[in-house]
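Report on the structure given below.
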Amino acid sequence: MFGMIKNSIFGNTEETDYKLLSSETKDGVSYEVRRYDGAKYASVSSEGRTFDQVTGELVRKLLMYIGGSNDQGGAMGTTAPVIITVYPRDDGVMSRRLVVSLRIPTNYQVSPPVPIDSAIRIEDRPGMTVYSLQFGGFAGETEYRAEASRLTKTLGETAPFQRKQYFCCTYDPPMKPYGRRNEVWFLQEEP
């Protein structure tokens, strides 16, 4: 537990690199189109509980893993953002299924430590192109849904993005009171 706290408070946070493909503004809403390279992620999933009920618990599991709850027993450093994959219903409400992920730090990408918690799995994710909308404040299900709706309206009906899932991203620890950075990502469909 101490390793997790020390790692997240005093460690340097490695932000996931991306290539900015474009910055656009439409109807007063600014968003970016970004390309992320493939990488290994630590992920944990949940079904049956709401976004706000379970995200904190799942993020803590991942922070414990990168903080030393792994077969090497050492803290790896933190990465940002925490990515929460949600699966909206047709009415826009989030289903009770979600996946919380954290990119494995660069120094551990080749051979990530094995998690002690068997609920955590290491995934090798392919590269992706996303539409990204940034917003501030403390974000929960209500805020992410509102921003996802705003990005959907901005992009329009014909934009080539996946509508069966999207990503809720946060870059800051919960104890940061202001200047917070959150994003909604829509996965662009590849031609």
Could you tell me whether the stretch 104-177 comes out rounded, prolate or oblate from its Cα gyration tensor? Rule is a ≥ b ≥ c as square roots of the eigenvalues, rounded for a/c under 1.5, then prolate if a/b exceeds b/c, otherwise oblate. oblate
Mean residue ellipticity (222 nm) of the chain, computed from DSSP H runs ≥ 4 via -39,500 (n - 2.57), nearest 500: -6500 deg cm²/dmol
Rounded to the nearest 5, what % of the DSSP beta bridges within the chain are antiparallel ones? 95 percent
Just how much of S23 is accessible, in Å², when a 1.4 Å probe is used and the result is rounded to the nearest 10? 80 Å²
Reachable lysines from K26, criterion Cα separation under 21 angstrom, eight or more residues apart if same chain: K153
To the nearest 0.05, what FRET efficiency results for R60 and Q165 with a Förster distance of 25 Å applied to their C-beta separation? 0.60
Once the Cα atoms of helix 141-155 and of the chain are each reduced to a long axis, what angle between those two axes, in degrees from 0 to 90 to the nearest 10, is obtained? 40 degrees
Report the residue, chosen from V100, V82, V110, that carries the largest GNM mean-square fluctuation when the chain is represented by alpha-carbon nodes joined by springs under 10 Å. V110
Only Cα pairs within less than 10 Å get springs; with that Gaussian network setup on the chain, which residue of P173, P88, P112 has the largest fluctuation? P173
Scoring the chain by relative contact order with C-alpha pairs under 8 Å, at least six apart, yields a percentage of 26 percent
By its C-alpha gyration tensor, with a ≥ b ≥ c as the square roots of the eigenvalues, how is the stretch 15-58 shaped: rounded for a/c under 1.5, else prolate for a/b larger than b/c, else oblate? oblate
Got a sec to turn the phi values of the stretch 46-56 into Karplus ³J(HN,Hα) couplings, 6.51 cos²θ - 1.76 cosθ + 1.60 with θ = phi - 60°, whole Hz, x for Gly and Pro? 8, 9, x, 10, 6, 3, 5, 6, 10, 4, x
Aspartates and glutamates whose Cα lies under 15 Å from that of K19, excluding same-chain neighbours fewer than 8 positions away: E32, D37
Could you check how much of the accessible area of the chain is carbon and sulfur, as a whole percent, using a 1.4 Å probe? 51 percent
In a GNM of the chain with a 10 Å cut-off on Cα contacts, which of E47, E141, E14 has the highest mean-square fluctuation? E47
Anchor K176: aspartates and glutamates whose Cα lies under 20 Å away (excluding residues fewer than 8 positions away in-chain): E14, E15, D52, E57, E141, E143
Using a 1.4 Å probe, what is the accessible area per residue for the stretch 91-152, in Å²? 49 Å²
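The values are calculated or read from the model by the stated rules, or taken from the named source; none is laboratory data. Worth saying up front: this structure is predicted, and the values here are computed from it rather than measured. Neighbour counts are summed over all protein chains in view; Cβ atoms, including those assigned to glycine, are modelled from backbone coordinates with ideal geometry. In case anyone asks, the SASA skips ligands and DNA or RNA and just uses the protein heavy atoms, side chains included. Shrake-Rupley method; radii C 1.70, N 1.55, O 1.52, S 1.80 Å.
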